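Rule-based calculations on the coordinates, nothing more; no lab input. As the structure is a computational prediction, the values presented were derived from the model and not from experiment. Heads up, the Cβs are rebuilt from the backbone with ideal geometry, glycines too, and the neighbour counts pull from every protein chain shown.
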């Protein structure tokens, strides 16, 4: 617990400093603790230290940890297979990885069946890496035009992943472009679309992400290792 507490203090201090540098209110920024490979005891310790939002990239692991800590907000941050949708919808607080039309249709269908709205972020592959999923910039606008017809989806923002790098500044253009894209897409606001979240930044670059407008940062290694 002591080591985790020390790491959390360090991360929160950096979040506060980044918020101050960008003239933002730190209370508007959600620290999302990524618990991939983290055991149940450490997750409980993190919650007891004040973390309320956690992220998993596998449906089975999210459902397990949610059963251990149901009072937390559990976010799904991995690539979602359509055959796993029924195991996730109605359980995840927010799905960060809507990246294709077939998945949008399946999420909407499941939400309609359950009579609920499915909260999602649209994942955009800003860095245009072949190894990353997400919509290309060229496809985003037409995707949003179509999303307006899927009334059981609640589209709450955008997510991206920058290139892996030891230099945080290399991520800045990616984050800045996602923020600019959100501004362009604001004309679709209304109905089932409310673009209030930018989920971007991980352990190596979350400070830069905050400076560029992130209000959800996904931090794992800086907390748990």
query = Which order results if 194, 48 are arranged by neighbouring Cβ count within 10 Å, fewest first?
reply = 48, 194
request  = Going by C-beta contacts inside 10 Å, put 74, 101 in order with the fewest on the left.
outcome  = 101, 74
query = What are the principal axis extents of the Cα atoms in segment 77-158, in Å, biggest first?
reply = 35, 24, 19
Exposure proxy order (Cβ contacts within 10 Å, fewest to most) of 62, 32, 185 = 185, 62, 32
task = List the equivalent ellipsoid semi-axes of segment 2-224 in whole Å, largest first, each obtained as the square root of 5λ for an eigenvalue λ of the Cα gyration tensor.
result = 26, 22, 15
Tail weight of P(r) past 17 Å, computed on alpha-carbon pairs of segment 139-184, percent = 46
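Only helical DSSP H runs with n ≥ 4 go in: add -39500 (n - 2.57) per run for the chain, normalise by residue count and round the 222 nm mean residue ellipticity to 500 deg cm²/dmol. Don't skip to the end; give the middle numbers.
Working: 9 runs with 92 residues, N = 225.
One gets -12000 deg cm²/dmol as the mean residue ellipticity at 222 nm.
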query = Whole-Å semi-axes of segment 104-203's equivalent ellipsoid, largest first, each the root of 5 times a Cα gyration tensor eigenvalue?
reply = 26, 14, 12
remark   = Inter-part gap, Cα centre of segment 3-29 to Cα centre of segment 127-171, in whole angstrom, is 25
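Roughly speaking, what % of Cα-Cα pairs in segment 154-225 are separated by over 15 Å, rounded to a whole number?
52
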